[in-house]
Amino acid sequence: MDIQKLVRENIRNLQPYSSARDEFKGVADIYLDANENPFESDLNRYPDPLQKELKKKIAEIKNLSKEQIFLGNGSDEAIDLLIRIFCEPGQDEILILPPTYGMYAVSASISNVNIRSIPLQSNFQPDIEKILNATEGNVKMLFLCSPNNPTGNDFEVRVLEKLIAEFPGIVVVDEAYIDFSKRQSCTTWLKKYPNLVVLQTFSKAWGLAGIRLGMAFASKEIIDLLNKIKPPYNVNGLTQKIALQSLQIEKYKREVTEILAQRTTLKNELLKFDFVQKVYPSAANFLLVKVERVDELFHFLMDNGIIVRNRSKVPLCEGCLRFSVGTPAENQQLLRHLNLFKTSSSKTQN
Ligand SMILES: *Cc1c(COP(=O)(O)O)cnc(C)c1O
């Protein structure tokens, strides 16, 4: 596939901004090139626009090369930049598979890029045939979220590979929840499929939603395009510093293991309530739960200081709430309030 042919013409022809830190890359004694305040230290300097130290560490952890990595202000920034690289406003389209993460459609709409929707099947798997039959015209990108938010399931590996191999455009696999899944990351396919972009994030398993740091993995060709159009200092100095300090694999693994154990416990406990109709299988750190009287339960929990996500208005998620897996104490509190809900509603029924 010729990636350059998919790129918007103005982006192909763009002369990118060249910052002071782009033009001088070595180490010097005196920096008088960027109009910074010389009387302060550390944070007075512009950060590394290409986050080289951080990428080196991430490359080791992910078993990739630095040239295959883009870092952004959350993976939401990568979603926005990708749409702006490949989709001509008012002309091109993206394909999404609802119910799914809301930012693909929002980012596309902000760019005046049309959204084509092929809903997931009732088992929450993509409908391969419908997707591959909906690619005529100006469809440039396909967004696959796996494990999917809000349904929690992983797409089958053979489905992912078939879509990546046969979709005639850019395929973005959003792996925000891959850390909680048994499946291998699609990054192992990057060499084979130059149209593949894999998104991951520090916001979920790594526990760093507050620093806003997302990752995109792709061929060097696509990474170069992302670097070409990104704001020069999109990942700030504090974020780079804290990420470098926080990349502790042992702690991360411990916490993921604990969250997975809590997910199992929470699921088993939820299934004991008779107003819980279904707890969907999860490959993520949340559970999609179908309940009776969903709005009433949602407000009951909120009135008691417990905020969950109401997905009951989302197609295929009718009657569903989404519970993030919390600490053992938080999950106990949730269950205690579900018990109170059960008691209070059986009283009102009598
Ligand atoms: C939470 C989430 C993200 C993370 O976005 P960030 O901008 O990195 O915080 C991305 N995709 C999905 C599906 C998510 O649920």
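Since every read-out is calculated from the coordinates, none of them should be taken as a lab result. Quick caveat: nothing in here was measured; it's all calculated off a predicted structure. For neighbour counting, all protein chains shown are included, and Cβ atoms are generated from backbone atoms with ideal geometry for every residue, glycine included.
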>> If packing is taken as the average count of other Cβ atoms within 10 Å, what order do 146-153, 117-124 fall into, highest mean first?
In response: 146-153, 117-124
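FRET efficiency for Glu23 and Ile242, Cβ-Cβ distance as r, R0 = 30 Å, nearest 0.05?
With a Förster radius of 30 Å, E is 0.65.
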> For the chain, the longest stretch holding no GluC sites (Glu not before Pro) located in a DSSP loop with at most 15 other Cβ atoms within 10 Å is which?
Replying inline: 157-291
>> Quick check: Cα centre of segment 96-150 to Cα centre of segment 196-242, how many Å?
In response: 22
>> Can you compute the label reach from Asp224? Point 7 Å from Cα along the Cβ direction, backbone N cut-off under 18 Å, restricted to segment 186-202.
In response: 191-197
>> Please list, in order along segment 197-212, the HN-Hα scalar couplings obtained from phi with the Karplus expression 6.51 cos²θ - 1.76 cosθ + 1.60 (θ = phi - 60°), rounded to whole Hz, x for Gly and Pro.
In response: 10, 10, 9, 9, 8, 8, 7, 10, 4, 7, x, 10, 4, x, 8, 6
> Considering the chain, which cysteines have no disulfide-compatible partner, defined as another cysteine with its Cβ under 4.7 Å away?
Replying inline: Cys87, Cys145, Cys186
>> Using the Cα centre of segment 282-334 as origin and beta-carbon charges of +1 (Lys, Arg) and -1 (Asp, Glu), tell me which of Gly326, Leu301, Ala284 is placed farthest towards the positive end of the dipole.
In response: Ala284
>> Using a Förster radius of 45 Å, what is the FRET efficiency between Asn13 and Lys278 based on their Cβ-Cβ separation? Nearest 0.05, please.
In response: 0.30
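Take every Cα pair under 8 Å in the chain that's 6+ residues apart, average their separations, divide by the length, and report that relative contact order as a whole percent. Let's see the in-between values first.
Values: 562 pairs, mean separation 58.2, N = 350.
Worked out over the chain, it gives 17 percent.
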> What does the helix-only formula give at 222 nm for the chain: each DSSP H stretch with n ≥ 4 adding -39500 (n - 2.57), the total divided by the residues, and the result rounded to the nearest 500 deg cm²/dmol?
Replying inline: -11000 deg cm²/dmol
>> If each residue of separation counts as 0.36 nm, what is the full-extension length gain between Lys191 and Glu330 once their alpha-carbon separation is subtracted?
In response: 45.8 nm
> When the scattering of the chain is computed by the Debye formula from its Cα atoms alone, each counted once and equally, what is log10 I(q)/I(0) at q = 0.09, 0.11, 0.13, 0.14 Å⁻¹?
Replying inline: -0.56, -0.81, -1.06, -1.18
>> Place a point 7 Å from Cα of Glu258 in the direction of its Cβ. Which residues in segment 178-220 have their backbone N less than 17 Å from it?
In response: 180, 204-209
>> Full-extension gain between Thr343 and Ser122, please, as 0.36 nm times their residue separation minus the C-alpha to C-alpha distance.
In response: 76.3 nm
> In terms of modelled amide H atoms, which long-range or inter-chain residues lie less than 5 Å from the amide H of Thr201?
Replying inline: Met215
> How far is helix 75-86 tilted, in degrees, relative to the longest principal axis of the Cα atoms in the chain, given as a value from 0 to 90 rounded to the nearest 10?
Replying inline: 60
> Looking at the chain, which longest stretch skips every one of the trypsin sites (Lys or Arg not before Pro) that is in a DSSP loop with at most 16 other Cβ atoms within 10 Å, leaving the sites themselves out?
Replying inline: 46-181
> What residue among Asn227, Ala165, Asn153 has its Cα farthest toward the positive end of the dipole of the chain, where the charges are +1 on Lys, Arg and -1 on Asp, Glu, each on the Cβ?
Replying inline: Asn153
